[in-house]
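Asker: There's a structure below that I have some questions on.
The values are calculated or read from the model by the stated rules, or taken from the named source; none is laboratory data. The structure presented is a predicted model; accordingly, all values stated were derived computationally and were not measured. Using ideal geometry, Cβ is built from the backbone for each residue, glycine included, and neighbour counts are taken over all protein chains shown. Accessible surface areas use protein heavy atoms only, side chains included; no ligands, DNA or RNA. Shrake-Rupley method; radii C 1.70, N 1.55, O 1.52, S 1.80 Å.
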Amino acid sequence: MFGAFELIDVTQTQSQTQTQVQTQSQTHDLAQGQATRILAIRHGETAWNVEGRMQGHLDIPLNDTGRWQAHRLALAVSEENIAAIYASDLLRALQTAQAVAAGSGQKIEIEVALRERCFGVFEGLTFKEIDERWPAEAERWRVRDPDFTPEGGESLRVFYARCTQAIARLAAAHPGETIALVAHGGVMDCFYRAATHVDLQAQRTWQLGNASINRLLYADGGLSLVGWSDTFHLEDPSLDEGST
């Protein structure tokens, strides 16, 4: 790793080495300090999540479980020092963001680009119903054809571009800070793929839990994954004690 050395004063060599290590450490700390920390949060549960219906751009509110999940989520992130909260304008994401905002004291900034994928004529239907009505289209959906566009909807490729451009734009505005992005399962999937360089057509093997906390870093124009699908706050009894 090192080249040949002349016989020189050892104390001087140690001093130079310490200076180099300190400089490298300071550079690393500076780089870390300028990274944007992202809490990417999926909305709480809805009745249509339970029924397995495509929600897309239809405005479905949280159910009772979803509201409870949002409350627990808010307790879990209350000490994260969140500088800004951005949320999809769809009610299920907005209600989840409102719980987070109540705990952090931050206002919510509506970001339409964080909406779920538009599923067009598929919205409101289960996959079984879609398969029965449009078997050819359902197969293209099943294999994740990136250019397949349901009638009145969005292709996977267009949706992915919308989501990744949105997270880059929002994160770039907050270097060295922590932001929360409250959105949808499809949006979270795009973030995961962007951070891990997984192809759009690859089948998903990772979780997209309701009210899950997904941690990302944005630096040097790119995303990296820190932690994924954290739902411990939905199981941790200590949060109940802290909220009484």
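Asker: What share of Cα pairs, in percent, lie more than 13 angstrom apart in the range 189-231?
Answerer: So the portion of pairs separated by more than 13 Å is 54 percent.
Asker: Moving to a separate point now. Please give the residues of the range 171-205, grouped as numeric ranges, whose backbone N is less than 20 Å from a label point set 7 Å along the Cα-to-Cβ vector of Phe127.
Answerer: Residues 184-193, 199-205 qualify, since their backbone N sits under 20 Å from the label point.
Asker: Right, here's the next one. Give the whole-number value, in cubic angstrom per residue, of the convex hull volume spanned by the C-alpha atoms of the range 70-204.
Answerer: Measuring per residue, one finds 119 Å³ for the Cα hull of the range 70-204.
Asker: Continuing with this model, one more query. Skip the ligands, DNA and RNA, and give the accessible area per residue of the range 108-157 with a 1.4 Å probe, whole Å².
Answerer: Ligands and nucleic acids excluded, the result is 52 Å² per residue.
Asker: Now, a different point. Which residues does the label zone of Arg67 cover in the range 89-119, counting backbone N under 14 Å from a point 7 Å along Cα→Cβ?
Answerer: 92, 95-96, 98-99
Asker: Share of Cα-Cα pairs in the range 163-241 beyond 16 Å, in percent?
Answerer: Cα-Cα pairs of the range 163-241 separated by over 16 Å account for 53 percent.
Asker: Ok, one more. So if we plug the beta-carbon distance of Arg142 and Asp59 into 1/(1 + (r/R0)^6) with R0 = 22 Å, what FRET efficiency do we get, rounded to 0.05?
Answerer: So, using R0 = 22 Å, E works out to roughly 0.25.
Asker: Can I ask one more? Keeping all protein chains in position, work out how much accessible area Trp134 exposes to a 1.4 Å probe, and write it in Å² to the nearest 10.
Answerer: 70
Asker: On to the next question. Carbon and sulfur together cover what percent of the accessible area of the range 80-157 at a 1.4 Å probe radius?
Answerer: Of the solvent-accessible surface of the range 80-157, carbon and sulfur hold 47 percent.
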